[in-house]
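The values are calculated or read from the model by the stated rules, or taken from the named source; none is laboratory data. The model shown is predicted, which means the values in this text are computed figures rather than measured ones. Ideal geometry is used to build each Cβ from the backbone, glycine not excepted, and the neighbour counts take in all protein chains shown. In case anyone asks, the SASA skips ligands and DNA or RNA and just uses the protein heavy atoms, side chains included. Shrake-Rupley method; radii C 1.70, N 1.55, O 1.52, S 1.80 Å.
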Amino acid sequence: MKICLCGMLVVALLVSACGQRQLEPDEAIECDRCDSWNEPQDPFRVHGNTWYVGTKGLSSILIETAEGLILIDGGLPQSAVLIDANVRDLGFDPYEVKAILVSHAHYDHVGGIAALQRLTGANVYANQAAIQTLTAGALNEDDPQYVADSDQGSFPPVRQVVVVDNGGVVTVGSIDIQAVYTPGHTPGSTTWTWQSCALNTCYDIVYADSLTAVSAQGFKFTSSGVGDEIAASAGKVADLDCDILLTPHPFFFGMDEKLERAGQGNPFINNVGCLMYAESSLQWLEQRLQAE
Ligand SMILES: [Zn+2]
């Protein structure tokens, strides 16, 4: 009887300890746009299994499966608490996150991943070319935004990173998420695509990585060949089966404008979204190449 009571006490203590497990954020990163990017955003359903749990300016996507959750991107270090709260607000348990996927290894999309990984225990999945940057928490010299002898762009390093090859798949439950390498904005840029089915209708969702030609001073998209890479990656995104476009910065998929139209059908469904995104990226690139 005594042993039994003792066992119950241990269980009770464990439950209360687990209930108190909380996200321990890393130190915030300061930047010109960080505060506006990190403004809180109410989470919402994009379609079926797919939810937006990011901030006003930095996307984080949650995918629900029968055997756990998948998270894509983690914003800034200071975004992690907001993402965690959004996941809970939707009624999901953050400890059910089984995989964290990376679009590209810049501080504004992976800064919160180390803390989210500590909270969830999930493996992080990324492009081969992003592994060194992710595990060092510092930009590699092949990144267009790399600045020599500077910690500019650094972020909390990420552990337990699993390589996903181009065309490779991360599977949780019955959901397969495919990696499509779209290098250019960074060498390890990755677009992720999966299906969301609801009410007997399935849609292809594309989380298309940034295709913007942005760099540190002195970098040339012409002579480096990275301009050609961005153009090829834009072509890949344009060719994907794509009913719903999502992007690491929600501005590029028109989040605010689409949320205003919520209630009139699903405003996120648009089968030319990827094509338009690729075209505007090419226009941006063209301007940059001409300026060089
Ligand atoms: Zn970036």
Inter-part distance where region 41-73 and region 95-122 are each reduced to a Cα centre, Å:
13 Å
Hey, what number do you get for the chain at 222 nm if only DSSP H runs of n ≥ 4 count, each worth -39500 (n - 2.57), divided across all residues, to the nearest 500?
-9000 deg cm²/dmol
Take the Cβ-Cβ distance between ASP165 and ASN123 as r, set R0 to 22 Å, and report the resulting FRET efficiency rounded to the nearest 0.05.
0.90
Here region 83-207 gives, from Cα atoms, an Rg and Dmax in Å of 15.4, 55
Mean projected area (nm²) of the alpha-carbon convex hull when region 153-207 is viewed from all directions
5.4 nm²
Karplus (6.51, -1.76, 1.60) ³J(HN,Hα), θ = phi - 60°, over region 112-119, in Hz, Gly and Pro reported as x
x, 5, 4, 5, 5, 5, 4, 5
Given a Förster distance of 45 Å, report the FRET efficiency between ASN271 and ALA148 from their Cβ-Cβ distance, rounded to the nearest 0.05.
0.55
note: region 237-291, Cα-Cα separations exceeding 12 Å make up a percent value of 68 percent
Between ASN49 and residues 5 or more places away or on another chain, the pairs with built amide H atoms under 5 Å apart involve CYS197
Region 65-150: Cα Rg divided by the 2.2 N^0.38 Å rule of thumb:
1.15
Can you tell which of LYS56, LYS258, LYS98 shows the greatest fluctuation in a Gaussian network model of the chain with Cα springs below 10 Å?
LYS258
Could you work out how much longer the chain between GLU24 and LEU90 gets when fully extended? Use 0.36 nm per residue separation minus the Cα distance between them, nm to one decimal.
21.7 nm
1.4 Å probe accessible area per residue over region 161-219, in Å²:
38 Å²
At a Förster distance of 22 Å, what's the computed FRET efficiency of SER224 paired with SER280, Cβ-Cβ distance as r, to 0.05?
0.50
Per the rule of 0.36 nm per residue minus the C-alpha distance, extending ASP42 to ASN200 adds in nm 54.1 nm
Accessible carbon and sulfur surface of the chain relative to its total accessible area, %, 1.4 Å:
51 percent
What is the set of long-range amide H partners of THR55 at a cut-off below 5 Å, with H atoms built 1.01 Å from backbone N?
SER60
Suppose we take every Cα in the chain and form the convex hull; what volume per residue is that in Å³?
147 Å³
